[in-house]
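**Student:** Pasting a structure below so you can have a look.
The values are calculated or read from the model by the stated rules, or taken from the named source; none is laboratory data. It should be emphasised that the depicted structure is a prediction, and the values quoted were computed from it without experimental measurement. With ideal geometry, Cβ positions are generated from the backbone for all residues, glycine too; neighbour counts draw on all protein chains shown. Ligands, DNA and RNA are excluded from the accessible area calculation, which covers all protein heavy atoms including side chains. Shrake-Rupley method; radii C 1.70, N 1.55, O 1.52, S 1.80 Å.
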Amino acid sequence: MNDEIDSYHKNSKKTFSKTINCIKLCKSLNIDVYVGYLLTPLNLKCVDEFIDFIIENDLKAKLMKVKPLGNSLQNQNLYIDDIKYKETLSYMTKKLGNKLIIGEQNEKVENVNCMAGITSCVIGADYGVYPCVMFLGENKVKCGNVKYNTLYDIWNNSTILKEFHEPRVFNSQCKLCSKREKCNGGCRGKSYLQKGSYKEVESGCFNDL
């Protein structure tokens, strides 16, 4: 919740102030704003300040953890353990209620944890279209290229994106889990990094969350 911590996370200057200005601009234009809070040991102490900011500005929030991607692989001091993440998630849920989005990123799609290729996608600097930021630069998961096809065509005709709409095949442990529909096998990006396939179930159980 300040330039010092936010700039450390992003390796640039005054990123927090720029973000706040963008939020205010979007609100002035009646654009709905969802704010992601990337929880790390550095900003753990700022959670209450963030909660107040969400309430005062009538926003919605989503709590996130650092993923094993890009620069975070060399900055593991930014990782937060699952117990502390669970405690913070529970605390924010009590404080924010329905202002905190858990799991789904789109209120019209209920009980889905990973929205990659379902309600969102990413266009990379190479003009390639990917299901989410976790897949950037992975040619095996590139869905198309906006230099040669429209995003509309890629979204509706990509074989890979169609596979992301298909339900995963759960193992016996997941089949018996009461949180299966909410979790949906976890993050497809993580499962790809862990197992080389976005169709697999992410390693690690999130039943307690």
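**Student:** Got a number for the accessible area of Phe170? Probe 1.4 Å, square angstrom, nearest 10.
**Tutor:** The value for Phe170 is about 40 Å².
**Student:** Obtain the nm distance between the two label points defined at Thr150 and Gln74 by a simple spin-label model: each point lies 7 Å from its Cα along the Cα-to-C-beta direction.
**Tutor:** So the label points at Thr150 and Gln74 sit 4.1 nm apart.
**Student:** Measure up Lys14/Lys179; Lys24/Lys179; Lys14/Lys140; Lys27/Lys190; Lys24/Lys94; Lys84/Lys162 against 30 Å on the Cα-Cα distance and list the ones that go over.
**Tutor:** Distance filter (> 30 Å) returns Lys14/Lys179; Lys24/Lys179; Lys14/Lys140; Lys27/Lys190; Lys84/Lys162.
**Student:** Let me ask you something else. Please compute the modelled spin-label separation between Ile20 and Lys45, points set 7 Å along Cα→Cβ, answer in nm with one decimal.
**Tutor:** It works out to 1.8 nm between the two label points.
**Student:** Just reorder Ser203, Ser28 by solvent-accessible area, largest first, 1.4 Å probe, all chains present.
**Tutor:** Working: Ser203 60, Ser28 80 Å².
Output order, biggest surface exposure first: Ser28, Ser203.
**Student:** Given labels modelled 7 Å from the Cα in the Cβ direction, how far is it in nm from Glu138 to Asn30?
**Tutor:** Label at Glu138, label at Asn30, 4.0 nm between them.
**Student:** Apply the Karplus parameterisation 6.51 cos²θ - 1.76 cosθ + 1.60, with θ equal to phi minus 60°, to every residue of the range 54-66 and state each ³J(HN,Hα) to the nearest whole Hz, in sequence, with x for glycine and proline.
**Tutor:** Each residue's phi maps through the Karplus curve to give 4, 5, 5, 9, 6, 10, 10, 10, 9, 8, 9, 10, 5 Hz.
**Student:** Estimate the FRET efficiency between Tyr127 and Thr93 by the formula 1/(1 + (r/R0)^6), using the beta-carbon distance for r and 30 Å for R0, to the nearest 0.05.
**Tutor:** Working from the Cβ atoms, E equals 0.15.
**Student:** Continuing with the same structure: Compute the FRET efficiency between Glu4 and Lys179 as 1/(1 + (r/R0)^6), taking r as their Cβ-Cβ distance and R0 = 30 Å, and round to the nearest 0.05.
**Tutor:** E(calc), rounded to 0.05, equals 0.20.
**Student:** Run the dipole for the range 116-209 about the Cα centre, Lys and Arg Cβ at +1, Asp and Glu Cβ at -1, nothing else charged, and hand back the magnitude in debye, nearest 20.
**Tutor:** 200 debye
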